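Below is one structure, written out as structure tokens; comments come after it.
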Amino acid sequence: MSGVRAQAPAPAYDGRSPFPHVQQLHSAHAGQVALTATIVIAPFIALSAGIWLAWGTGVSLTDLLLAAVLYVVTGLGVTVGFHRLLTHRSFTARPWLRVVLAVAGSMSFQGNLIDWVAVHRRHHAFTDRPGDPHSPYQYGTGLGGQLRGIRPHDAVPLGSPVSCSEQAFAA
């Protein structure tokens, strides 16, 4: 042997506890729930107030209908196109439909298609284990850990050793 030490195997990860290298942030559970509720509810209240205040001067029924239609189109682009068709290959589609779904998903401003598919495949390969870019346990279970790394590209730097970008369309 050439003096190479064997590393001890990493402890098994159950997918429910924080990552082994992350220290826990202790905070009041009620405070976390209240802050989460505020973050979720406040934008809807603000949107409703904005529509109410701008009705007749800047927002009309046509605007609301257009927003609803585009919401559905981009949602289908992400869920059916990016996710089911391109990430999981759940079904086959004609080339024109693949393009339509890819464009509709791209209109959602969730990043480019190849990176989205690569990050999501990595998520399924490492679900709730170290390497999962979407794991709620990646940075700890405290509020600071939950808010850190919200953007997918912050959690999965392109070109990282575990990046799936090169393998996005392999197999």
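The values are calculated or read from the model by the stated rules, or taken from the named source; none is laboratory data. Keep in mind the model is a prediction, meaning the values are calculated, not measured. So basically every Cβ, Gly included, is an ideal-geometry build from the backbone, and we count neighbours across all protein chains shown.
A few notes on this one:
- Selection status of A93, aliphatic (A, V, I, L, M), surrounded by 13 or more Cβ atoms within 10 Å (Cβ to Cβ), outside any helix (DSSP H, G or I) and modelled with pLDDT of 90 or more: yes
- All of S160, S165, S108 fail the test of being of a type in the set (S, T, N, Q) and at pLDDT 70 or above, apart from S108.
- Selection from the range 115-134 of residues that are in a helix (DSSP H, G or I) and farther than 22 Å from V72 by Cα: D115, A118, V119, R121, R122, H123, H124, A125
- Applying the criterion of being over 24 Å from the mean Cα position of the chain (by Cα) and at pLDDT below 65 to the residues of the range 12-39, the residue that is farthest from H123 (Cα to Cα) is A28.
- The range 111-134, subset surrounded by 20 or more Cβ atoms within 10 Å (Cβ to Cβ) and either touching a Pro at 6+ places or on another chain (Cβ under 9 Å) or modelled with pLDDT under 90 (or both), residue farthest from L70 (Cα to Cα): D132
- In the range 40-90, residue modelled with the lowest pLDDT [restricted to those that are assigned to a helix (DSSP H, G or I) and among the charged types (D, E, K, R)]: D63
- Being in contact with a Ser or Thr (Cβ under 7 Å, 6 or more places away or on another chain), of a type in the set (A, V, I, L, M, F, W, C) and closer than 15 Å to H120 by Cα is a condition met by no residue of the range 83-102.
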